[in-house]
Amino acid sequence: MNSKIVICLFLLLIIAACSGCVSKPAESEVNTDNNQDLKEVEGLWLGTLEVQGGMEVRLLFNISSSPDGSVNATMDSLDQGVKGIPVETVTYKDSKLRLDVKSIRGSFEGTLKEDGKTIEGEWKQSGISLPLVLSRIDETPDTRREQDPVRPYPYDEEEVVYENEGAGVKLAGTLTLPRSEGPFPAVILISGSGQQNRDEELLGHRPFLVLSDYLTQRGIAVLRVDDRGTGGSTGDFSQATSEDFAEDVLAGIDYLKSRDEIDQTQIGLIGHSEGGLIAPIVAVESRDVAFIVLMAGPGITGEEILYLQSELISRAEGVDNETIARNNALMKSIYSVIKEEQNDEIAAEKLRKLMMDEMANMSEEEKQSAGYSEADLDAQIQSLLSPWMRNFLTYDPRPTLMKVKCPVLAINGEKDLQVPPEENLQAIEEALEAGGNQDYTVKELRGLNHLFQTSQTGSPSEYARIEETISPTALELIGDWISERTSATVEKQ
């Protein structure tokens, strides 16, 4: 299997298992013959994992003990925006430390050096082993990006909770309101795939926080929400599909309509990536949607996108043609099983055989390099057979786009390798035209990647290294387009 895909799975394991984690320490089991020895490793320890594709992930461990002898230990994945992951077991003896993070099937083993400031060791997760050196630090690193807004904000901010009654899900979010005279036009932000919090926080960036700040200062109220099963929201994310998430957005529209500060005739949606697939579903379902903005939204099926995505990212990171072709063939076989075999048990066995056959053709060095192991098969198969993946592979957004009658802004970055602009923008434009939509704008933004950052190659390995969260060009385009179609007239301060 192509190593770049395995890397993505490795990184997402942390996010998927721990979305919604907070930094409240959890009591850990401690194994040591002398609890006093643990004092030697108490404190903050920071290290950087260097994974294939040039991506770096900073891990921060916080180890502390209480007077009663109990131990609290947590792990933060700083560049993924995930904090407070419980470290269930701490083992320390003879200068050797082991930390078990069972929720993500990860562990660290290392040796404290004589200076007491460095622990040299190895991080293991799902069959992957990577060197990791932890250094003692005095305080948690500042992960704020340049575009992150700083309180006090020049607008009002309110924590809100409302319910999708049909699904029995409570949704928690943040509503930001301008301080000028209302009622205000409003937008709901819809996140991309994977469990996302209300800021769509990933790899050290908080795009929805930045977008919300910008739009609210332009006179537009913004509701951003934790995905179901994430942060303050309830529900089972693992069993949900894009259609289920659309129902959550509809509940958000009902909530905004209940607020006196909101102009009920000017409620719009902004969806990023998968959110750009969900927004048209909601716009067709609800007459209350006044406009939609699709940021890197799909215009073709998920299966088509995944083939394009895999090849483009692989080429950007220097993968040879033979490996790309082999991976493409494996993907086709895997997706055929997912589409054709509806029985999960039978499908799982077929997928296991496909992957085991692939592993049989790899040397031990190739397996280690790719991070591909039998121990990780169950997790990969479970992900592939999730309701979301089964739906995403075959869902074609074009018939829905043809039914969208409200104004549409569809934008993609020129260097987007995850939802390629040429194929997707063309499909979106053709569908809107075929459906007779009278007000749509389709635009490719030069030099921007999938997150709408100014980038060199567009590769996901660049996301964390780029300081910019969202290009000002993209922000201004979105703000101007919405203002032209609503009563929002307040200029950004």
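The values are calculated or read from the model by the stated rules, or taken from the named source; none is laboratory data. All values reported here derive from a predicted model rather than from experimental measurement. Methodologically, a virtual Cβ is constructed for each residue, glycine included, from the backbone with ideal geometry; neighbour enumeration extends over all protein chains shown. Heavy atoms of the whole protein, side chains included, go into the accessibility calculation; ligands, DNA and RNA do not. Shrake-Rupley method; radii C 1.70, N 1.55, O 1.52, S 1.80 Å.
What accessible area, in Å² to the nearest ten, does a 1.4 Å probe give for L256?
0
Quick one: pull the percent of accessible area on the chain belonging to carbon and sulfur, 1.4 Å probe, ligands and nucleic acids left out.
Numbers: 9690 of 21250 Å².
Carbon plus sulfur share of accessible area: 46 percent.
Which whole-number percent gives the relative contact order of the range 202-296, counting Cα pairs below 8 Å spaced six or more residues apart?
That works out to 20 percent.
Please compute the Cα-Cα pair-distance distribution of the range 400-472 with 5 Å bins starting at 0, giving whole percents from short to long.
Calculated over all Cα pairs of the range 400-472, the distribution is 3, 18, 24, 18, 14, 12, 7, 3, 0 percent.
For the range 347-354, take each phi angle, set θ = phi - 60°, evaluate the Karplus expression 6.51 cos²θ - 1.76 cosθ + 1.60, and give the result in whole Hz per residue in order, putting x for glycine and proline.
Ordered by residue, 3J(HN,Hα) equals 4, 4, 5, 5, 5, 4, 5, 4 Hz.
Which order do the peptides 441-449, 143-151 take when ranked by the mean count of other beta-carbon atoms within 10 Å per residue, highest first? Show your work: numbers first, answer last.
Values: 441-449: 17.9, 143-151: 12.9.
Packing order, densest peptide first, comes out as 441-449, 143-151.
Can you classify the range 319-462 as rounded, prolate or oblate using the Cα gyration tensor, where a ≥ b ≥ c are the square roots of its eigenvalues, rounded means a/c under 1.5, and otherwise it's prolate if a/b beats b/c and oblate if not? All intermediate terms of the calculation are to be shown ahead of the outcome.
Working: a/c = 3.07, a/b = 1.61, b/c = 1.91.
The shape class here is oblate.
I want to verify the translational diffusion coefficient of the range 371-433 in µm²/s; compute it with Stokes-Einstein, Rh as the Kirkwood radius over Cα pairs, at 25 °C and 0.890 mPa s.
After rounding, the answer is 169 µm²/s.
Hey, can you rank 427-439, 394-406, 318-330, 214-226 by average C-beta count inside 10 Å, highest first? Before the final figure, lay out each step's value.
Details: 427-439: 16.5, 394-406: 18.8, 318-330: 13.8, 214-226: 25.2.
Per-residue mean Cβ counts within 10 Å order the peptides as 214-226, 394-406, 427-439, 318-330.
Direction-averaged shadow area of the convex hull around the Cα atoms of the chain, nm²? If you can, show how the numbers build up before the last one.
Working: hull surface 97.0 nm².
Its average projected convex-hull area is 24.2 nm².
As a test of reading the structure, rank S212, S383 by solvent-accessible area (1.4 Å probe, protein chains only), most first. Can you show the working numbers first?
Working: S212 0, S383 60 Å².
Largest accessible area first, the residues go S383, S212.
Could you derive backbone 3J(HN,Hα) for the range 123-129 from the dihedral phi with the Karplus parameters 6.51, -1.76 and 1.60 (θ = phi - 60°), listing whole Hz in sequence and x where the residue is Gly or Pro?
Per residue, the Karplus-derived 3J(HN,Hα) values read 9, 10, 7, 6, x, 9, 10 Hz.
Could you calculate, for the range 175-214, the ratio of the Cα radius of gyration to the Kirkwood radius, expressed as Rg to Rh? List each step's numbers first, then the result.
Numbers: Rg = 12.1 Å, Rh = 11.6 Å.
Rg/Rh: 1.05.
Normalising by the residue count of the chain, find the relative contact order in percent from Cα pairs under 8 Å and 6+ residues apart.
Values: 1059 pairs, mean separation 70.9, N = 493.
Reported as a whole number, the value is 14 percent.
Got a sec to turn the phi values of the range 102-111 into Karplus ³J(HN,Hα) couplings, 6.51 cos²θ - 1.76 cosθ + 1.60 with θ = phi - 60°, whole Hz, x for Gly and Pro?
With the stated coefficients, the range 102-111 comes to 5, 5, 10, 6, x, 7, 10, 10, x, 10 Hz.
If each Cα of the range 110-214 is one equal point scatterer, what is log10 of I(q)/I(0) from the Debye formula at q = 0.10, 0.23 Å⁻¹?
-0.54, -1.32
Could you work out the Rg to Rh ratio of the range 224-342, with Rh taken as the Kirkwood radius (inverse of the mean 1/r over all Cα pairs)?
My calculation puts Rg/Rh at 1.09.
Eigenvalues of the Cα gyration tensor times 5, then square-rooted: what semi-axes does that give for the range 256-309, in whole angstrom, largest first?
Details: eigenvalues 160, 19, 10 Å².
Result for the range 256-309: semi-axes of 28, 10, 7 Å.
With a Cα-only, solvent-free Debye model of the range 194-278, what are the log10 I(q)/I(0) values at q = 0.23 Å⁻¹?
Here log10 of I(q) over I(0) equals -1.34.
With a cut-off of 8 Å between alpha carbons and a minimum separation of six or more residues, what is the relative contact order of the range 55-153 in percent? Spell out each step's value before the answer.
Details: 156 pairs, mean separation 12.8, N = 99.
The normalised contact order for the range 55-153 reaches 13 percent.
Which cross-chain or sequence-distant (5 or more) residues have an amide H under 5 Å from the amide H of T441, H modelled 1.01 Å from N in plane?
V408, L409, A410
Please report the antiparallel percentage of the DSSP beta bridges confined to the chain, to the nearest 5. Write down the numbers at each step before the final one.
On the way: 64 of 93 bridges.
Given both bridge residues lie in the chain, the antiparallel proportion sits at roughly 70 percent.
Past 23 Å, Cα to Cα, is the threshold; run K39/K117; K96/K124; K124/K339; K339/K443 against it and keep the listed order. Please list the in-between numbers first.
Values: K39/K117 13 Å; K96/K124 16 Å; K124/K339 33 Å; K339/K443 33 Å.
Table pairs above 23 Å Cα-Cα are K124/K339; K339/K443.
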